[in-house]
Amino acid sequence: MTYTSGINNLTHSLTTQATSLQKPVVNTRTSDTATGSAGSANASDQASLSSTSTLIAQALSVSDVRADKVANVQQAIAAGTYNVSSGDVADKLMESLRG
């Protein structure tokens, strides 16, 4: 699995979960006479879910890819002029292992 496909799978999972959490609140009516309690004939229970999943889905729907930079890198790779400093690669690798 590549980094990109992992992010896409996460995005899909979170979007799917957020969509399923946005369903309307379901009212469940129970009869008070069945439990023997006094009061009205029907009571209503409600449940509501946090809006956090909606916010996550919205954040994931906005692309953080800078298309102009991606195009420049693609052109440099195609032209054979894209060079990465081995020192920079080593620094980033060590940084990721430390933290």
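One table, with the values for the structure above:
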| read-out | value |
| --- | --- |
| Footprinting exposure proxy for S53, S44 (fewest neighbouring C-beta atoms within 10 Å first) | S44, S53 |
| Label point distance in nm, D88-I56, each placed 7 Å from Cα along Cα→Cβ | 3.4 |
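Bear in mind these aren't lab numbers, they're just calculated from the coordinates by the rules spelled out. Just so it is clear, the structure is predicted and the values come from calculations on it, not from any experiment. Heads up, the Cβs are rebuilt from the backbone with ideal geometry, glycines too, and the neighbour counts pull from every protein chain shown.
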